[in-house]
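Okay, structure first, notes after.
The values are calculated or read from the model by the stated rules, or taken from the named source; none is laboratory data. Note that this is a predicted model, so its numbers are computed, not measured. Cβ placement follows ideal geometry from the backbone for every residue including glycine, while neighbour counts extend to all protein chains displayed.
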Amino acid sequence: MIRIRSMFVVLLATFMSVCSLAAFAAGGGSGTKYSAFIFPDNIVRDPDGKSTFIAYLKNDSTPPGVSNINSAAMSFSAASGVCFDTISLLVPTGTVSVTPSLSPPGCVTSVQLNNIPNIRNGDTAQFRITLRGIPSSCTTMTWTATANAGNSNNGDPFLPSPTTASQLYSGLGTCDGILDCPAASTGSGDDSDVPFGGSGITGYRGDNKDISACIRVPFDLADNRSSTLQRPSVEFKWDYATQPGASFEYTVPWFAELVNADGVPNPTKLAWLDGGTGLYTTLVPGRACIGDTLPKCVGTLTSAIDANTTKFFVTGTTACPVPASTTVPFAVTIGSERMKVKLITGTGPYEWTVERGDGMTTATPGVGLSHTIGAKIGSNPLPLDGDGKQMQMCIKSESWKAVGVDYCSGSSGPLCSLIEVTTTVFDLGDGLMER
């Protein structure tokens, strides 16, 4: 009996050991297969219309029972005509099989990378990628990528790493960089300062004007303040098609200029892209903003409203506080509709009395759009133009100082003051500034 019991214990121990090894080999236990892909922030167009860069793939799995990465798949969404040109493996040493073939004239935007030499846990592979057909403008490129334990993407898939964030958005073409999201949208970073700029021009990105989900966008800042061929100007563009709701504040210190003969400085003129035509609107003298902050959340709807509702209830949170009743009147945005808040009563939920379809943001002024329960409400600092239509840029502040004197015109006659102007604007529409 003792011998039988001993043999049973040995057999049981052996069985459990085999099961444990099998589980380890299959990636069992507490280990999980994780990976992260890092593509460049900015893919710059070379004169031949191509761009070569390094992309990284990290095996970020947690032990025990992890596997090597031996294949991957990657694809992108970008402007028409952008294609993979070549892909090669730099690290680890070896080769990789690319399917389908990248030989021209075909345009491939989705590939499988098979038979990758082992990318072990904690290791990072490097791929040299060349794209062709890069546009001369600044647009967004969105990547999709997965890793796999099999040699031909036929094994266990790897999940996105919870510790190493993948970088799957790239500026493409002639961009100056990528603008990240403020903390209110992403949960990280400094909410008051997602900065950009150059040559003394500084600014930051705020929440989307409709308080929608934020994604990173490329931008292009054209500084023509010193141009001798045209009036001094600054042009700030981002990928409006990808993130039409983005909002920005930036400050431009203009170079010294003469005032007019009557001693009055020239006005700063503003224009922005017309969403329907893709062209700039006519330059007009800038108007003062009707708020001192970029759009921010000021409440959510407690129930759905139809196109004719002029009274509804709003609730707030610490991150989305409802303005005090003494702040009326002010403008807000729900979705794409602008409203004028005329009265706030109650102690929470708060009853708002509004004017619908303000600023020609709906087909019929005074008539709104339908909005669902829980819809977020954003503050709106944009003024209306002379026709009652909402502008997409405004001047937050502007100042000037005298720095010298010169002839008002030519080399004789009356003298005029030389001044330096500093202008801060809110830009919600791919803006153009001109002095």
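Does the range 337-350 contain any residue that is within 30 Å of the chain's Cα centre (by Cα) and either surrounded by fewer than 17 Cβ atoms within 10 Å (Cβ to Cβ) or assigned to a loop (DSSP other than H, G, I, E, B) (or both)? Taking every residue of the range 337-350 in turn, none turns out to be within 30 Å of the chain's Cα centre (by Cα) and either surrounded by fewer than 17 Cβ atoms within 10 Å (Cβ to Cβ) or assigned to a loop (DSSP other than H, G, I, E, B) (or both).
Could you list all residues from the range 67-83 that are within 24 Å of the chain's Cα centre (by Cα) and not polar (S, T, N, Q)?
74, 76, 78, 79, 81, 82, 83
When we screen 332, 341, 354 for residues that are out of contact with any Leu (no Cβ under 8 Å at 6 or more places or on another chain), free of Cβ contacts under 8 Å to residues at least 24 places away in the same chain and under 20 Å from residue 320 (Cα atoms), the only hit is 341. On the stretch given as the range 304-319, residues that are surrounded by fewer than 14 Cβ atoms within 10 Å (Cβ to Cβ) and outside any strand (DSSP E or B) total 6.
One line per residue, one yes/no per condition, for (1) of a type in the set (Phe, Trp, Tyr); (2) under 25 Å from residue 239 (Cβ atoms); (3) crowded, with 22+ Cβ neighbours inside 10 Å:
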residue	(1), (2), (3)
134	no, yes, yes
152	no, no, no
160	no, yes, no
174	no, yes, no
178	no, yes, no
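Summed over the range 70-83, the residues that are part of a strand (DSSP E or B), of a type in the set (S, T, N, Q) and over 26 Å from residue 46 (Cβ atoms) give a count of 1.
Residues in the range 274-295 that are of a type in the set (A, V, I, L, M, F, W, C) and farther than 26 Å from residue 330 by Cβ were compared, and the one that is modelled with the lowest pLDDT is 279.
Would you call residue 318 of a type in the set (S, T, N, Q) and closer than 16 Å to residue 351 by Cα?
For residue 318, the condition - of a type in the set (S, T, N, Q) and closer than 16 Å to residue 351 by Cα - is not met.
Filtering the range 200-210 down to residues that are more than 20 Å from residue 371 (Cβ to Cβ) and either in contact (Cβ under 8 Å) with a residue 60 or more places away in the chain or assigned to a strand (DSSP E or B) (or both), which residue is farthest from the chain's Cα centre (by Cα)? That would be 201. Quick one: would you say residue 67 is out of contact with any Phe, Trp or Tyr (no Cβ under 9 Å at 6 or more places or on another chain), part of a loop (DSSP other than H, G, I, E, B) and either among the hydroxyl-bearing types (Ser, Thr, Tyr) or at pLDDT 95 or above (or both)? So residue 67 does not fit the description; no. Scanning the range 355-388 for residues that are β-branched (Val, Ile, Thr) and farther than 18 Å from residue 296 by Cβ yields 361, 362, 364, 367, 372, 373. Among the residues of the range 71-109, what is the count of those that are touching a Leu at 6+ places or on another chain (Cβ under 8 Å), among the aliphatic types (A, V, I, L, M) and farther than 24 Å from residue 122 by Cβ? Within the range 71-109, residues that are touching a Leu at 6+ places or on another chain (Cβ under 8 Å), among the aliphatic types (A, V, I, L, M) and farther than 24 Å from residue 122 by Cβ number 5.
Residue 354 satisfies every condition listed in (1) surrounded by fewer than 20 Cβ atoms within 10 Å (Cβ to Cβ); (2) within 20 Å of residue 211 (Cα to Cα) except (1).
Among the listed residues 221, 179, identify the single one that is closer than 19 Å to residue 294 by Cα and modelled with pLDDT under 90. Break it down into steps so the answer makes sense when it comes.
On the way: 221 fails: closer than 19 Å to residue 294 by Cα.
Only one candidate qualifies: 179.
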